[in-house]
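**Student:** Below is the structure I would like to discuss, written out as structure tokens.
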Amino acid sequence: MIETIMKEINNETSSLCLMNEPLKKYTTYGIGGPADLMIFPKSKQDLIKVIEIINENKIQLTILGSGSNVLVSDDGIRGVVISLKNSLKQIEVADNILYAECGTMLGKIVKYAVKNDLIGLENLNGVPGTLGGALIMNAGAWGGEISENLVHVELINSKSEVKKIQKKDLNFSYRQSSFDKDDILLSAKFNLKKADKNIIKENFMEAQSGRKKSQPLNKRSAGSLFKNPKNSSAGKLLDDAGLKGFSIGDAKISEKHANFFINDGNASSSDMLMLIKKAHQEVKDRFNVNLSLEVKLLGFDEREIEGLC
């Protein structure tokens, strides 16, 4: 089946197809086993055609953006993994409207808005990942969220239909959105405001400085591991539980910020998963708080991650 799909994609698109490709090469953790088939579409048109072929063949599909915000099992991922690494990178500004394709790194979009004297995205400076991932999880920082200035999103649904969804038809909340799990985001438009470039730059630099001071940016992590519970901080709960610096194998809880779990050498997915479970249980036992994951677990058996997702 995999070889048949690869042949069809090679014949009908310009995409690069790799069998049994190690996913640790494409994750910020540097962790992850092989994908049965990994596809790198070269354009939006390529991606739409690839999705159509995969849906017709009814094979399992996983989308990988920048590889942040995920922990991939060392057993890898069955079916097809599509990487947006080489596609969906376009950004344009017309008046106050910023258009960006969803494979673009969020940091690049933020800098593009700042360059064009547009205020509204600069607080997201330093948030890892692509625009698509940021919209799906409604990424936020320093009091701002990606959904605030959204106009609409273009996506492919499970029926391979390209749809334009207005913000009013979507629901966003803290680190959540109402996109269907099978939706693949293509592009988005944002309605921003012109502002004094010095004010925008000050906001931009403040967000950058805050991250450098509080987060282990020079270590391999997936970003914040747990969502903040209501009226509390996951990092503070983990710190108060005495977990800063705790490690299992080469998987370690950062001494700089307890909600950043890092690969401090050659951590396996089992090391990291055990560390996550340990931290989750400690906080539950000590403070009666059931932390929810912000990082997505991919390729694991449901029994391995029971109680975490």
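**Student:** State whether the residues of region 87-109 include one that is over 14 Å from the mean Cα position of the chain (by Cα), more than 25 Å from Ile200 (Cβ to Cβ) and either modelled with pLDDT under 95 or in a loop (DSSP other than H, G, I, E, B) (or both). Lay out the reasoning, then the answer.
**Tutor:** At the first step, the residues of region 87-109 found to be over 14 Å from the mean Cα position of the chain (by Cα) are 87-101, 108-109.
Retained after the next criterion (residues that are more than 25 Å from Ile200 (Cβ to Cβ)): 87-88.
Next, only the ones that are either modelled with pLDDT under 95 or in a loop (DSSP other than H, G, I, E, B) (or both) stay: 87-88.
Yes; the residues of region 87-109 include at least one that is over 14 Å from the mean Cα position of the chain (by Cα), more than 25 Å from Ile200 (Cβ to Cβ) and either modelled with pLDDT under 95 or in a loop (DSSP other than H, G, I, E, B) (or both).
**Student:** Given the condition surrounded by 21 or more Cβ atoms within 10 Å (Cβ to Cβ), among the β-branched types (Val, Ile, Thr), modelled with pLDDT of 95 or more and under 28 Å from Gly140 (Cα atoms), answer yes or no: does some residue in region 30-41 qualify?
**Tutor:** The answer is yes, given that some residue of region 30-41 is surrounded by 21 or more Cβ atoms within 10 Å (Cβ to Cβ), among the β-branched types (Val, Ile, Thr), modelled with pLDDT of 95 or more and under 28 Å from Gly140 (Cα atoms).
Let's see how each residue does on (1) in contact with a strand residue (DSSP E or B) (Cβ under 6 Å, 6 or more places away or on another chain); (2) touching a residue at least 12 places away in the same chain (Cβ under 8 Å):
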| residue | (1), (2) |
| --- | --- |
| Lys197 | no, yes |
| Gln208 | no, yes |
| Gln215 | no, yes |
| Asn218 | no, no |
| Ser221 | yes, yes |
| Asn231 | no, no |
| Gly265 | no, yes |
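**Student:** Of these, Leu37, Leu71, which one is touching a helix residue (DSSP H, G or I) at 6+ places or on another chain (Cβ under 7 Å), over 23 Å from Met1 (Cα atoms), in contact (Cβ under 8 Å) with a residue 40 or more places away in the chain and in a strand (DSSP E or B)?
**Tutor:** Residue meeting the stated conditions: Leu71.
**Student:** Restricting the search to region 219-242, which residues are surrounded by fewer than 18 Cβ atoms within 10 Å (Cβ to Cβ) and either under 19 Å from Asn290 (Cα atoms) or touching a Leu at 6+ places or on another chain (Cβ under 9 Å) (or both)?
**Tutor:** Pass one, region 219-242, residues surrounded by fewer than 18 Cβ atoms within 10 Å (Cβ to Cβ): 219-220, 227, 229-233, 236, 239-240, 242.
Listed by number, the residues that qualify are Lys227, Pro229, Lys230, Asn231, Ser232, Ser233, Lys236, Asp239, Asp240, Gly242.
**Student:** Let me ask something else about it. From the list Asn116, Asn125, exactly one residue is free of Cβ contacts under 8 Å to residues at least 24 places away in the same chain, open to solvent by less than 70 Å² (accessible area, probe 1.4 Å), within 27 Å of Ala195 (Cβ to Cβ) and not small (Gly, Ala, Ser). Which is it?
**Tutor:** Asn116
**Student:** Oh, and also: Anything in region 155-193 that is of a type outside the set (Gly, Ala, Ser) and within 15 Å of Ile97 (Cα to Cα)? List them, or say none.
**Tutor:** Across region 155-193, the qualifying residues are Gln166, Lys167, Lys189, Phe190, Asn191, Leu192, Lys193.
**Student:** Would you confirm, using the coordinates I've provided, whether Gly144 is within 18 Å of the chain's Cα centre (by Cα) and farther than 25 Å from Ser43 by Cα?
**Tutor:** Here the answer is yes, as Gly144 does meet what is asked.
The values are calculated or read from the model by the stated rules, or taken from the named source; none is laboratory data. All figures in this text were calculated on a predicted structure; none of them were measured in a lab. Neighbour counts are summed over all protein chains in view; Cβ atoms, including those assigned to glycine, are modelled from backbone coordinates with ideal geometry. To get the accessible areas, we keep the full protein, side chains included, count just its heavy atoms, and leave off ligands, DNA and RNA. Shrake-Rupley method; radii C 1.70, N 1.55, O 1.52, S 1.80 Å.
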